[in-house]
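One structure below.
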Amino acid sequence: LIMSTNSVHLALGVIGSALSFAVASAGVSQYTAFSCDSSNGSIGGNVFSAVSFPTVRGASCPNGAGPDADPLGPCFTQRTTVKAGLDGVPAGSRALTLESGPGMYYLFDANASANRWGRMKDMYYMDTLAGPGKVQGPWADVWSAAIRKRFDQWFGDFKVIGGEVDLVLCDFEMGDHSSSYDWSHQPTADGSDPVDALLADPRWPALQAQLTAAGQPYGVSFDEASIREMKDWTSRDWRMHVWGHVVTSLGVASLLNASVYQPIAAHFPNVRFSNFAHAHHTDPSGVESPSSKSGLWPYAAGSIGLGAHVGTHQSRGFYGGTNTTRVLASQRPGPGATQTELAGNSFDSLLLSVLVGRDMAAAASDVPVHPWLAPKYADWGSGWSYLSSGNQTTDEVFMWEENVFHLALATATAEFLWWQPGSEKPVGIGQPLLSKTLKELDWVTGLADHGQSGCTLTPLATNLTGIANWAPTYILTGMEVRCNDGFTRSVFRFTPRCTQTVWCTWWGPEYPPKNGTVSPDWRIGSGWNLTPVPGGTVLLAEDPVSTAGAWLIR
């Protein structure tokens, strides 16, 4: 989405090999998670339920919250109600979620003359352009002005009454309506081509200039003839990717930063904020950055540029995907588009998660990561998550736990977000395991004893942590911990490939390994040995959540 007013500057980050930021929380576990749609309070002192504050439709607000609705009026959750829900939560963990119910960032009613498509229903956010076609977007000036006022006044009053908030979870997923395919195929009131209204809009020349500048490295233009071919653009056409980069990725991030995050941060400058699926990545085209160092592009949908983030963090889901027979692991964009498929097993799902996490950290080393997790045995309607495969009888089931461990080290994050599929019951399912997994991270990293002093976490690469192909025999991820009280530790998680279809790797020279073993060897496949962390010491948890991998410290 594009605002015709001045858009906010996006901190796109720089390419780097390390992501470093302070980790310190007072009075709570150092590794924490926040749930967007449960009401269980806290579990284990480290999994917290975010308080929802949706718009309200009722007798006093029959048509929903439109652009003229009073932000302090009956169409919105009362600030005192939200304050009461957060007052009992420890400082640093007071979270709000925009995900539950009709979020405060949706408008109702005023654009009723516009045609609906996709998931928009009676909500809207894109401007209705002039003309009989009632075309929507790609600009959002009406939405931006109304939403900015709404969040500014609501959070301003929340501050006045003594409210405090540390984290806001955002899940604005309608940006795809502005993708070239969805936008150009939207229904119009008179059957006309949406491009007619686009070209006639006085804001088009400015947007055209942005697209033209972004398209120059790819040798594509956005004159009238080119734009009129939009319905026929494909993933092998650079124009589709340039539009997606400028309008859908950077445009929606800019819109949400200016209209939602910045008004909140004006009153709560230390608030942590991210929007689901707004994340950074290395540029597979090589224009804005070298592509992934390993040469493995771990995204099922190719996208040029470096991506974007909203607020303070970048964010995306690491759910493992639905358990089908194959998984599309890689799709590089452009005329020479290539695809890579992997077998549908939990180790390959873990592989993709690790590659994506590492790529996010490399693409924007100054932007911390909010990984979204879901319950281990979540049923997605069409099958189990790959990370569990619905299999509770072999080590394959532990890939969910291994996923959390590797993500924590690869991204140096100590803060996870949690989503429970609506069909899963009871509310809060899977959270006890999540809490236990986070506590094991507290223990192995030393944050349980030293985190209160303030620690810096940095991803750590060695000559054995690299992943050179789509069929590695193991995954090794490292992270360095440095705390202000002088405590330091290098932590590694080693996970050998072990599935129902691949002969399991085993410990050597003895199984199970003993706590304190230095420089242990693993026998891989048909007989070659590996010492993943020379000089590293085995550290065994008393009650580990996973036996599919091993901790080594140095």
### Message
All but one of (1) of a type outside the set (D, E, K, R); (2) in contact with a Phe, Trp or Tyr (Cβ under 6 Å, 6 or more places away or on another chain); (3) modelled with pLDDT of 90 or more hold for Gly66; state the number of the condition that does not hold.
### Response
(3)
#### Entry: Extreme residue, modelled with the highest pLDDT, among residues of region 416-432 that are out of contact with any Pro (no Cβ under 6 Å at 6 or more places or on another chain), in a loop (DSSP other than H, G, I, E, B) and hydrophobic (A, V, I, L, M, F, W, C)
Trp419
### Task
Output the residues belonging to region 63-73 that are open to solvent by less than 80 Å² (accessible area, probe 1.4 Å), of a type outside the set (A, V, I, L, M, F, W, C) and more than 18 Å from Ser144 (Cβ to Cβ).
Gly64, Gly73
### Message
Quick check on my filter: what residues within region 162-180 are within 29 Å of Ala33 (Cβ to Cβ) and either open to solvent by 60 Å² or more (accessible area, probe 1.4 Å) or not in a loop (DSSP other than H, G, I, E, B) (or both)?
### Response
Glu164, Leu167, Val168, Leu169, Cys170, Glu173, Met174, Gly175, Asp176
### Message
With the condition being out of contact with any strand residue (DSSP E or B) (no Cβ under 6 Å at 6 or more places or on another chain), open to solvent by less than 30 Å² (accessible area, probe 1.4 Å) and under 15 Å from Gly137 (Cα atoms), I'd like the helices (runs of 4 or more DSSP H) fully within region 181-241 carrying at least 2 qualifying residues.
### Response
194-200
### Message
Being within 30 Å of Ala343 (Cβ to Cβ), among the small types (Gly, Ala, Ser) and open to solvent by less than 30 Å² (accessible area, probe 1.4 Å) is the filter here; which residues of region 421-476 pass it?
### Response
Gly430
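Here is a yes/no grid of residues against (1) at pLDDT below 85; (2) closer than 20 Å to Asn403 by Cα:
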residue	(1), (2)
His450	no, no
Ile475	no, yes
Phe494	no, yes
Cys498	yes, yes
Thr501	yes, yes
Trp507	yes, no
Thr547	yes, yes
### Message
Condition first: over 30 Å from Lys149 (Cβ atoms) and touching a Ser or Thr at 6+ places or on another chain (Cβ under 6 Å). Now tell me which residues in region 223-265 satisfy that.
### Response
Met230, Lys231, Trp233, Met240
### Task
Please work out if Thr437 is polar (S, T, N, Q) and not in a helix (DSSP H, G or I).
no
### Query
Take the residues of region 38-52 that are modelled with pLDDT of 90 or more and hydrophobic (A, V, I, L, M, F, W, C): which is farthest from Met104 (Cα to Cα)?
Val47
### Task
Report yes if some residue within region 219-234 is more than 17 Å from the chain's Cα centre (by Cα), at pLDDT below 95 and among the basic types (Lys, Arg); otherwise report no.
no
### Query
Restricting the first residue to region 316-337 and requiring it to be farther than 30 Å from Val220 by Cβ and modelled with pLDDT under 75, which pairs with a second residue that is surrounded by fewer than 16 Cβ atoms within 10 Å (Cβ to Cβ) and aromatic (Phe, Trp, Tyr) meet a Cβ separation below 7 Å and a spacing of at least six or different chains?
none
### Query
Taking interchain pairs and intrachain pairs at least six residues apart, which have beta carbon atoms under 6 angstrom, with the first residue in region 459-483 and in a loop (DSSP other than H, G, I, E, B) and the second charged (D, E, K, R)?
Thr473/Arg497
### Message
Would you confirm whether or not region 16-32 contains a residue that is surrounded by 20 or more Cβ atoms within 10 Å (Cβ to Cβ), part of a loop (DSSP other than H, G, I, E, B) and modelled with pLDDT of 90 or more?
### Response
yes
### Query
Looking at Asp166, Asp201, Asp196, which is the one that is under 26 Å from the mean Cα position of the chain (by Cα) and touching a residue at least 60 places away in the same chain (Cβ under 8 Å)?
Asp166
### Query
Do you know which residues across region 134-150 are touching a residue at least 60 places away in the same chain (Cβ under 8 Å), surrounded by 23 or more Cβ atoms within 10 Å (Cβ to Cβ) and on the phi < 0 side of the Ramachandran plot?
Val135, Pro138, Trp139, Ala140, Trp143, Ser144, Ile147, Arg150
### Test: Phe487 is under 26 Å from Asp543 (Cβ atoms) and either open to solvent by 30 Å² or more (accessible area, probe 1.4 Å) or in contact with a helix residue (DSSP H, G or I) (Cβ under 9 Å, 6 or more places away or on another chain) (or both)
yes
## Note on the structure
Of the residues in region 266-282, those that are open to solvent by 10 Å² or more (accessible area, probe 1.4 Å) and touching a strand residue (DSSP E or B) at 6+ places or on another chain (Cβ under 7 Å) come to Arg272, Phe276, Ala277, His278, Ala279, His281
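The values are calculated or read from the model by the stated rules, or taken from the named source; none is laboratory data. None of these values were measured; they are calculated from a predicted model. Every residue, glycine as well, gets a Cβ built from its backbone with ideal geometry; the counts of neighbours run over all protein chains shown. These area figures cover heavy atoms from the full protein model, side chains too; ligands, DNA and RNA do not enter into them. Shrake-Rupley method; radii C 1.70, N 1.55, O 1.52, S 1.80 Å.
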